[in-house]
Amino acid sequence: MKSFFHRGINILFKKNLLLTNSITSGAFMGIGDIIQQEIEYQSKVLPRRYDWPRTARMFIVGTIMGPMHHYYYIYLDKVLPYADVKTVVKKIACDQLFASPATLLCFFYGMGTLENKTLEQSTLEVKQKFVYVYMGDCLFWPPVQFLNFYYLPTHYRVFYINLATMLFNIFLSFIKHYDQKKV
């Protein structure tokens, strides 16, 4: 008889993997934003502790990006099925050259849509902030992804990425909301 824990893992990571990946993607993006807002509040940058609509937007965009990550990592593991160093380097290169820029663009345009920005306003924000976010991305993600691709089976990849994304989202939230600060 399986334990409660094993049944829960089976439900989350086998039977409902897409749902798990989508919800955790949104939840960890929201948590990253809450942490960033707390830093901003403690630093006297924000006049009040939390902007819940801002966090909700981060949650929504993260949840929407969950399926993209889910299917991307399944596809990547089918195209590059091994976990040797050479294959892991190829996966990291694919991630940095294709998935990261696509994810960042989805983030900025998704957030812009939820903030009622025009396409032109979102494009201007991308032009102003993309290079900084992508540079941070290139520093943060390759070592994180090495551990992911080398050690984890496919069905745990997105959850692990979502957990790591929570840390990256502190930086992403800072850059995204930088123009609203009085720094």
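One residue alone among ASN162, ASN116, ASN169 is within 21 Å of ASP33 (Cα to Cα) and out of contact with any helix residue (DSSP H, G or I) (no Cβ under 9 Å at 6 or more places or on another chain), and that residue is ASN116.
Of the residues LEU104, LEU167, LEU114, LEU124, which is at pLDDT below 95 and of a type in the set (A, V, I, L, M)? Of LEU104, LEU167, LEU114, LEU124, the one residue that is at pLDDT below 95 and of a type in the set (A, V, I, L, M) is LEU167. If you filter segment 160-182 down to residues that are touching a residue at least 40 places away in the same chain (Cβ under 8 Å) and of a type in the set (Ser, Thr, Tyr), you find that the one that is surrounded by the fewest Cβ atoms within 10 Å (Cβ to Cβ) is TYR178. Against the conditions (1) surrounded by 15 or more Cβ atoms within 10 Å (Cβ to Cβ); (2) at pLDDT 95 or above; (3) not β-branched (Val, Ile, Thr), ARG157 satisfies every one except (2). When residues in segment 81-122 are screened for being under 20 Å from the mean Cα position of the chain (by Cα), free of Cβ contacts under 8 Å to residues at least 12 places away in the same chain and surrounded by 14 or more Cβ atoms within 10 Å (Cβ to Cβ), 1 of them pass.
The values are calculated or read from the model by the stated rules, or taken from the named source; none is laboratory data. In this text, all values refer to a predicted model and were calculated from it rather than measured experimentally. Methodologically, a virtual Cβ is constructed for each residue, glycine included, from the backbone with ideal geometry; neighbour enumeration extends over all protein chains shown.
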